[in-house]
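K.L.:
Encoded as structure tokens, here's the structure I'll be asking about.
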Amino acid sequence: VRILRTIPGIRSALRPARRADRAIGLVPTMGALHEGHLSLIRAAREETHEVVMSLFVNPSQFDDADDLAAYPQDEDRDVELAREAGVDILFAPPPRLMYPPGFSTQVRVDGALTETLEGAHRGPEHFHGVTTVVTKLLNIIQPDVAFFGQKDAQQALVIRKLVRDLDIDVRIEVCPTVREADGLALSSRNGRLHGDDRRRALALSRALKVAEEAAAGGERDASAIAHLARVEMEQLQVEPEYIALVTPEDLAPVHVVRGDTLVAVAARVGEVRLIDNTLISGSED
Ligand code: AMP
């Protein structure tokens with residue numbers, strides 16, 4: 001793996017690939033790599049010639065200073081995992097190069113997409129931080145394909161909208177959520193689940209499973225499904241911040257489950273805030 005920390009450095013490293021018309025794939029991460037990240041890298045490895053992973057803990061997308069301070073960082077470990085999974089180039093800029101003194105531009109997707117769910121609970125500024133840094137990464141690396149995880153379903157939608165609205169020449173690919181054997185969605189924050197909180201964290205995936213089963217069993221009333229999911233979480237003494245049934249394209253509230261519906265959940269377990277989601281179907285087959 002080549003590790004590059006400057007913008008001129010990564011640009012010149014990518015010039016030969018660009019000249020040779022080799023497809024460049026980008027996997028943006030904040031490090032603390034796990035199988036979820038590695039699945040994105042493997043997808044990039046299969047579909048593109050030159051795989052770039054960015055490693056940047058983006059301060060502007062944290063709405064909670066304690067969460068930023070506690071965010072796990074171990075670059076040596078990340079470099080090793082990235083290498084094994086097939087990353088060619090690691091772009092790991094220091095914050096002062098991404099946000100030099102006087103930096104004063106923001107890229108924001110406005111409207112329901114950034115105001116609902118995570119936007120309502122963390123504030124839309126979280127997504128403005130994401131879209132600003134992703135725009136910078138797409139401009140710096142100019143990948144042909146950029147890979148994101150369905151785990152952060154709302155983020156993926158916001159990024160698709162960003163790319164469409166600003167005519168950014170990149171294909172966005174969203175890869176399935178990778179889970180532990182017991183159902184817990186992998187997250188860099190899971191390592192901060194201590195003691196009994198690891199077991200209680202199953203509240204989210206279990207609630208989603210209950211929602212899936214209810215829909216498969218013919219329940220079409222969204223509030224009834226949300227209620228069953230909430231009761232499941234309460235079994236583990238976890239209080240959801242939200243459990244919402246929304247359209248998978250624009251996150252509009254769903255009242256009756258007819259077509260594909262996104263069930264999204266967020267909850268604090270111990271000191272960690274977790275999110276997860278699943279797609280349920282209202283079709284008869
Ligand atoms: P992060 O480092 O948490 O910002 O995540 C970097 C990328 O990995 C984002 O596109 C996430 O959606 C994706 N990701 C995080 N967790 C998972 C997971 N469990 N399965 C699949 N992708 C994931």
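The values are calculated or read from the model by the stated rules, or taken from the named source; none is laboratory data. All figures in this text were calculated on a predicted structure; none of them were measured in a lab. Cβ placement follows ideal geometry from the backbone for every residue including glycine, while neighbour counts extend to all protein chains displayed. These accessible areas exclude ligands, DNA and RNA; they are computed on the full protein's heavy atoms, side chains included. Shrake-Rupley method; radii C 1.70, N 1.55, O 1.52, S 1.80 Å.
K.L.:
For the range 91-209, give me every one of the helices (runs of 4 or more DSSP H) that falls completely inside it and has 2 or more residues that are within 17 Å of the chain's Cα centre (by Cα).
P.N.:
Counting at least 2 such residues, we get 112-115, 118-122, 125-141, 153-165.
K.L.:
What number goes with the only condition from (1) open to solvent by less than 40 Å² (accessible area, probe 1.4 Å); (2) at negative phi that residue 209 does not pass?
P.N.:
(1)
K.L.:
Out of curiosity, is residue 54 among the polar types (S, T, N, Q), touching a Cys at 6+ places or on another chain (Cβ under 6 Å) and either away from the ligand (no atom under 13 Å from the Cβ) or touching a residue at least 40 places away in the same chain (Cβ under 8 Å) (or both)?
P.N.:
no
K.L.:
Quick one: how many residues across the range 1-47 are over 19 Å from residue 133 (Cα atoms), out of contact with any helix residue (DSSP H, G or I) (no Cβ under 9 Å at 6 or more places or on another chain), more than 16 Å from the ligand (Cβ to nearest atom) and of a type outside the set (Gly, Ala, Ser)?
P.N.:
5
K.L.:
Note down all Cβ pairs under 7 Å where the first residue falls in the range 188-209 and is touching a residue at least 12 places away in the same chain (Cβ under 8 Å) and within 16 Å of the ligand (Cβ to nearest atom), the second is of a type in the set (D, E, K, R) and open to solvent by less than 40 Å² (accessible area, probe 1.4 Å), and they're at least six residues apart or on different chains.
P.N.:
Matching pairs, first to second residue: 204/276; 205/276; 208/276.
K.L.:
Further question on the same structure: Among the residues of the range 123-156, which ones are open to solvent by 30 Å² or more (accessible area, probe 1.4 Å) and either within 14 Å of the ligand (Cβ to nearest atom) or more than 23 Å from residue 276 (Cα to Cα) (or both)? Reasoning before the result, please.
P.N.:
At the first step, the residues of the range 123-156 found to be open to solvent by 30 Å² or more (accessible area, probe 1.4 Å) are 124-125, 136, 139, 142, 144, 150-152, 155.
Answer for the range 123-156, where residues must be open to solvent by 30 Å² or more (accessible area, probe 1.4 Å) and either within 14 Å of the ligand (Cβ to nearest atom) or more than 23 Å from residue 276 (Cα to Cα) (or both): 136, 139, 142, 144, 150, 151, 152, 155.
K.L.:
Which condition from (1) more than 30 Å from residue 263 (Cα to Cα); (2) open to solvent by 20 Å² or more (accessible area, probe 1.4 Å); (3) of a type outside the set (Lys, Arg); (4) more than 15 Å from the ligand (Cβ to nearest atom) is the one that residue 112 breaks?
P.N.:
Tallying (1) more than 30 Å from residue 263 (Cα to Cα); (2) open to solvent by 20 Å² or more (accessible area, probe 1.4 Å); (3) of a type outside the set (Lys, Arg); (4) more than 15 Å from the ligand (Cβ to nearest atom), residue 112 fails exactly one: (1).
K.L.:
Could I ask something else about it? Assuming residue 183 fulfils every condition listed in (1) open to solvent by 20 Å² or more (accessible area, probe 1.4 Å); (2) within 16 Å of the ligand (Cβ to nearest atom); (3) farther than 21 Å from residue 118 by Cα apart from one, which condition is it?
P.N.:
Single failed check for residue 183: (1).
K.L.:
Further, regarding this structure: Checking residue 63 against (1) in contact (Cβ under 8 Å) with a residue 60 or more places away in the chain; (2) more than 14 Å from the ligand (Cβ to nearest atom); (3) assigned to a helix (DSSP H, G or I); (4) not hydroxyl-bearing (Ser, Thr, Tyr): exactly one of these is not met. Which one?
P.N.:
All conditions are met except number (3).
K.L.:
Do we have any residue at all in the range 222-235 that's outside any helix (DSSP H, G or I) and either open to solvent by 20 Å² or more (accessible area, probe 1.4 Å) or within 29 Å of residue 43 (Cα to Cα) (or both)?
P.N.:
Scanning the range 222-235 turns up no residue that is outside any helix (DSSP H, G or I) and either open to solvent by 20 Å² or more (accessible area, probe 1.4 Å) or within 29 Å of residue 43 (Cα to Cα) (or both).
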